[in-house]
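Taken together, the values in this text are just the output of simple stated rules run on the coordinates, not laboratory data. On a predicted model such as this, the values are computed, not experimentally measured, just so you know. Positions of Cβ are backbone-derived with ideal geometry, glycine not excepted, and every protein chain shown enters the neighbour counts.
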Amino acid sequence: MIIKASQRSGGKQLGLHLLKTEENEHVEVHEVSGFLSQNLMGAMNEAYATARGTKCNKYLFSVSLSPPQNESVQIEVFEKALADIEERLGLKGQPRAIVFHEKEGRRHCHAVWSRIDAEKMIAIKLPYFKTKLQEISKQLFLENGWGIPKGFLDKGLRDPRTFNLAEWQQAKRTGINPKDIKEAAQSCWSRSDGLKSFERAMEEKGLFLAKGDRRGHVAITVEGEVFAVSRLLDIKSKEIVAKLGNPDNLKSVTETKAFLSKEVTEKISPIIKESKRMAANQMRPLNEQREKMKTLHQTERQKLVAGQRQRHEIETKERANRIRKGFMGVWDKLTGEYSKIRKQNEMEAFFSLNRDRKQRHDLVDAQLKERQTLQAKIMEVRMRNTKMILDLYRHSAHYRHLEKDKQTQRQNPNNRDIQRKRDNGLELG
């Protein structure tokens, strides 16, 4: 189970993000405990109010837990993981909220703790929490028999295509899978030996090098989105300068955007729009199927919850009726019958809770598998459309360079024979 965490402020913004249904198909507030409020937004406001009595700015500790995609994970596994986190980080007994999200056939968990000790009115320190969480994550993979990701064994084998949230949202605006952008840039870097070859390879992927205002080398998409090259490649700026030279030799962001607007966007924008229109038409029936599936799954869950709630009320009433009142109740206590009935009730309540949890898990698990089947079809269409757009960028870049080479030949006639031999595949002596 991959665990990511951060100390943060902004309780209201975090609460709204956790309840967001636009990006998540299912949102379930599993628990709000230790707060006076019983709802998530109230709890976040309460955590903020408590922190106002201290000097702590980052008064929340936010954690996300993501199990392997194709694993069926019981709620008890998430709860044990959260208990281990509390134990290792000293957060035991702190107010917390737990929310489950489902998106594209994957289920993950978010947990938020208040860092403020209300009795001492100080923030609980969390030294080396990333190292401790990584140890817990490894232990979860071992305990549950999941294959340990290669990145845990060797940092150099981690997925180089990962984005943070802001970069992910920025990349999505280009109409291409965000991970494809990083993968494309890293492919260009590995097969280039300097500025010219890297620049040309990047242009074939729809990325144009420029000098950033503060970030050295940057890459600009045809749509005008700006990415730091160091972030795309996951390497330090000095390594980039060593291979590409000083970014001062490149056009500025403003100049590059002006060039894109004049030389690129005007010519290929209609084709890109048509490609995206075709992609939208191909995705429309799948998106409609996804929305129908989402509504159906929500209805099935609501029906199950309502049925379990009604059964719980009936069973609770039956257990309560076993305990006699008045003189007979006193007699049961004297004879020990009351203790037997109480233990029986507790045991039945425990098994009823586990039964309800298992029913809910089985339903969610079946729905996730159904959603994963649909997601595989969606990903197939996305990959096909991404390839089509990248091919368009590649052909456009090839055409521009071809025109540029012809213009250079016209300006320097001595190079025509050399270029002719190259075009004919002849070796130069």
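For the reader, a short list of remarks on this structure follows.
- Scan the range 77-121 for residues that are closer than 27 Å to residue 295 by Cα and touching a residue at least 40 places away in the same chain (Cβ under 8 Å) and the total you get is 15.
- Residue list for the range 288-304, restricted to those being surrounded by 12 or more Cβ atoms within 10 Å (Cβ to Cβ) and free of Cβ contacts under 8 Å to residues at least 24 places away in the same chain: 296
- Evaluated against (1) in a helix (DSSP H, G or I); (2) farther than 25 Å from residue 277 by Cα, residue 379 falls short on exactly one condition, (2).
- Selection within the range 341-357: residues that are among the charged types (D, E, K, R) and surrounded by fewer than 12 Cβ atoms within 10 Å (Cβ to Cβ). The member of this set that is farthest from residue 318 (Cα to Cα) is 343.
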